[in-house]
2 protein chains.
Amino acid sequence: MINITKPTAIINPTICKSNISRMANKANSNNKTFRPHFKTHQSGAIGNWFKDVGVKSITVSSVIMAEYFSLYGWKNITIAFPTNILEIDKINTIAKKITLNLLIESMEVLHLLQKKIHNKVNFFIKIDAGYHRTGVDISDIKKISVLIDESKKSIKTNFIGFLIHNGHSYHANNKSDILNLYSNTRPHLKTLFQWKEKYHPKTILSFGDTPTLSVADNFNYIDEFRPGNFIFYDVMQLSIGSCSIEDIAVSVACPIVAKHKNRNEIITYGGGVHLSKESIKYQGQQSYGIPVIYNENGWTSIHGNVKSLSQEHGVITVDDDIFNKMNIGDVIGVLPIHSCLLPSLLGSYTDMKRNIFHCMANF
Amino acid sequence: MINITKPTAIINPTICKSNISRMANKANSNNKTFRPHFKTHQSGAIGNWFKDVGVKSITVSSVIMAEYFSLYGWKNITIAFPTNILEIDKINTIAKKITLNLLIESMEVLHLLQKKIHNKVNFFIKIDAGYHRTGVDISDIKKISVLIDESKKSIKTNFIGFLIHNGHSYHANNKSDILNLYSNTRPHLKTLFQWKEKYHPKTILSFGDTPTLSVADNFNYIDEFRPGNFIFYDVMQLSIGSCSIEDIAVSVACPIVAKHKNRNEIITYGGGVHLSKESIKYQGQQSYGIPVIYNENGWTSIHGNVKSLSQEHGVITVDDDIFNKMNIGDVIGVLPIHSCLLPSLLGSYTDMKRNIFHCMANF
């Protein structure tokens, strides 16, 4: 059914393209810019699929990723990560060729950038709307104003708006949790959006996170959609209600190397090295992934659980039927907990027609 | 103090070599073969350091890793992972050139191997001594005997002994836990060892896990030491009592990109992509690593905790002194929870003299 010898990321391009179209349509019908985050797939070839739905500008999570995608013809790239001033040489190289949008959240970085940047760059102020990872507090208009004023002292640092990642939506348990978190954020979004419209009407508010953008339907204080994970989705998104299991577009195919009848466990070549060690509570069990079996066109999920992962081994519990059906030397699949970690772990994707899509791993 | 632009694995070769010597001396003084596991460092150049203490045979965790190290002149390699019959072509290629030792735990794999292998290979029977990941139960002498008898039907499958990974030692909380687990295993080891001495006196019992081999001192039912992690150790080993913090020989240097005074948090470029998402409870806190600061010769651990990791971001809590001392654009280090995951995540190590040691990543 599937011809592999070692753990391999398998994608279903039809599902990917359907996920892309759905999100693009949602952005278009709400009159929002769609600037997808490419950190999830990290593949030049897959990135090109977004050109088919009219995408002109993208998001990445590192300077290296910006360099990689600039080689695939992307001319307008936001690095949605606090500017790492130690990479200024590479930033200067990229900013000479394309429109580069950076994040700033402190006076220190603004000053360092003004001192070291050669060409004009755009920047967003990174806003913390409740996730509390990083960014300027959404209500701190004073700090925001001072940063904007200071940026005007150099023509090379061009303020273009605010960037928010509502990452605490990943802690939701279901759709209504996601919507509740969004409801709590919206009054703050409204205040910032209205302030921006009044004082900086040409700038935008960029908002990203797959859970909220998949589930919500009112975006009147947002100018730009910046989701990433939605192209593949994964078990975490399934568990928090962002997608159905049929929307998951990536699995990891693993050779079966041993079986243990007394505990209905299948041992695979496919461990933390291939899937990461991320796990979540799913359907009452600690889970490192959901098992699937492959057919000619893709895969079907089965009743079972990836119970543990060590460096190279996976342990999958299955029911009697599947246990008896699957043999050593067969291949079983795993829907990953977090698909964004796969490209750096596996380096490429394969589809059921054996097309290979390389990622930027070790670029 | 340290000149990097992105997350980079930094090693201290002096500590590595001291860890190697200590374990080599322990094996030698107990008259045991020392067959180190190279899955931890996965580097040809670092592997060569073991030649200086007389090591002639090694362990790896995948067929690809065996191929890689065979190119560095290693002529006797054990793949300590259940034989993945789907990689038979590569196994045949390697077995033509070097002495290859495989693991077998089922009649299915033995028969598949006898059918498909071209040259003679050695094999260990993989034994489950209580970890319950995989292997034949240590007390199942019947299944063991049948496998050995069946192996003799082909001159190409040469039985050389038993291989045990006491991986449940990783769940220990301190040294006496490790020793207790080992004490529970020893009566079973004794039975198997004595049976082997009586019926298969030319075969060996290979035993591996860094915690037990670091802490125990009675090895009279073991012929071969097969530890891996001890070359670098890590926070997990520190937390279970296998090593002191001074024995940890690897850290990940991360650029500081933001600071949050109100919560004493430093934000780094250095996330799950670089450190993996593995975490443990350490000193009462959920920890993704211990922060360190670099000096001319290495690093010093500081009071603090890597509180969370997302894809590219790290969040490190520190005390006031360190918070005020460290600036955006500086580099802070992280002692990793699990060092064995670093080579596939980071691809190389650098030392304080800027020597670079490449790993087999994407070999």
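The values are calculated or read from the model by the stated rules, or taken from the named source; none is laboratory data. Keep in mind that what you see is a predicted model, and the values were worked out from it rather than measured. Please note: Cβ atoms are built from the backbone with ideal geometry, for glycine as well, and neighbour counts cover all protein chains shown. When the accessible area is computed, the model is the full protein with side chains, heavy atoms only, and any ligands, DNA or RNA have been set aside. Shrake-Rupley method; radii C 1.70, N 1.55, O 1.52, S 1.80 Å.
Could you compute how much accessible area chains B and A hide from each other, both sides summed, with a 1.4 Å probe? Nearest 100 Å² is fine.
Approximately 4300 Å², summed over both chains.
For the Cα atoms of chain A, what angle does the longest principal axis make with the long axis of helix A:13-29, in degrees from 0 to 90, nearest 10?
30
If you bin the C-alpha pair distances of segment B:198-252 every 5 Å from 0, what whole percents do you get?
All Cα pairs considered, the percentages come to 4, 18, 25, 17, 13, 10, 5, 5, 2, 0.
How large are Rg and Dmax for chain A when only the alpha carbon atoms are used, in Å?
Using the Cα atoms of chain A, the pair Rg, Dmax is 21.7, 72 Å.
Only Cα pairs within less than 10 Å get springs; with that Gaussian network setup on chain B, which residue of B:Val60, B:Val273, B:Val331 has the largest fluctuation?
The residue with the greatest mean-square fluctuation here is B:Val273.
Return the average number of partner chain Cβ atoms within 10 angstrom of each residue Cβ along peptide B:78-87.
Partner-chain Cβ atoms within 10 Å, mean over residues of B:78-87: 6.
Among the aspartates and glutamates, which fall within straight-line cross-link reach of A:Lys353, defined as a Cα-Cα distance under 16 Å, with same-chain neighbours fewer than 8 residues apart omitted?
Within the straight-line cut-off, A:Lys353 pairs with A:Glu296.
How far apart are the B:Ser18 label points across copies, placing each 7 Å from Cα toward Cβ, in nm, shortest first?
5.9
Hey, what's segment B:91-204 come to in accessible area per residue, 1.4 Å probe, Å²?
On the way: 5430 Å² over 114 residues.
Accessible surface, normalised per residue, equals 48 Å².
Give me the residues in segment B:323-337 whose solvent-accessible area, probe 1.4 Å, is reduced by at least 30 Å² once all protein chains are included instead of the chain isolated.
Listed in order, they are B:Ile328, B:Gly329.
By what distance, in whole Å, do the Cα atoms of the protein assembly as shown stretch along each of the three principal axes, largest value first?
89, 57, 41
According to a simple spin-label model (label point 7 Å from Cα along Cα-to-Cβ), what is the distance in nm between B:Lys75 and A:Asn28?
6.7
Using the 7 Å Cα-to-Cβ label point, sort the distances from A:Tyr72 to its equivalents in the other copies shortest first and give them in nm to one decimal.
Result for A:Tyr72, in nm, nearest copy first: 3.3.
How many Cβ atoms of partner chains, on average, are near each residue of A:133-140 if near means within 10 Å of its Cβ?
Partner Cβ neighbours, averaged per residue: 3.
Which aspartates and glutamates have a Cα lying under 15 Å from the Cα of B:Lys281, excluding residues fewer than 8 positions away in the same chain?
Leaving aside aspartates and glutamates fewer than 8 places away in the same chain, those within reach of B:Lys281 are B:Asp234.
Note the full-extension length gain between B:Ala45 and B:Asn264 as 0.36 nm times their separation in residues minus their Cα-Cα distance, in nm to one decimal.
That works out to 74.9 nm of additional length.
Using a cut-off of under 16 Å, list every residue of segment B:1-42 whose amide N is near the label point 7 Å from the Cα of B:Lys353 along the Cα-to-beta-carbon line.
B:11-18
Taking every pair of Cα atoms in segment A:138-266, average 1/r, invert it to obtain the Kirkwood radius, and report Rg/Rh to two decimals.
1.18
Past 24 Å, Cα to Cα, is the threshold; run B:Lys6/B:Lys51; B:Lys115/B:Lys152; A:Lys97/A:Lys156; B:Lys75/B:Lys116; A:Lys26/A:Lys143 against it and keep the listed order.
B:Lys6/B:Lys51; A:Lys26/A:Lys143
Give the percent of DSSP beta bridges with both residues in chain A that are antiparallel, rounded to the nearest 5.
50
How big is D for segment A:238-362, in µm² s⁻¹ as a whole number, if Stokes-Einstein is applied with the Kirkwood radius of its Cα pairs at 10 °C and 1.306 mPa s?
Answer from the Stokes-Einstein relation: 107 µm²/s.
Over all residues in B:261-267, what is the mean tally of Cβ atoms on other chains that come within 10 Å of each residue's Cβ?
2
In nm, one decimal, shortest first: how far is the label point of A:Lys198 (7 Å from Cα along Cα to beta carbon) from the matching points in the other copies?
In nanometres, ordered from closest: 9.1.
What part of the accessible area of chain B, given as a whole %, is carbon or sulfur when the probe is 1.4 angstrom?
47
What ranking do B:206-212, A:46-52 get when scored by the average of other Cβ atoms within 10 Å per residue, highest first?
B:206-212, A:46-52
Ordering B:His313, B:His118, B:His165, A:His111 by how much accessible area each has at a 1.4 Å probe, largest first, what is the list? Could the numbers behind the result be given before it?
Numbers: B:His313 10, B:His118 135, B:His165 40, A:His111 80 Å².
Sorted descending by solvent-accessible area, the residues read B:His118, A:His111, B:His165, B:His313.
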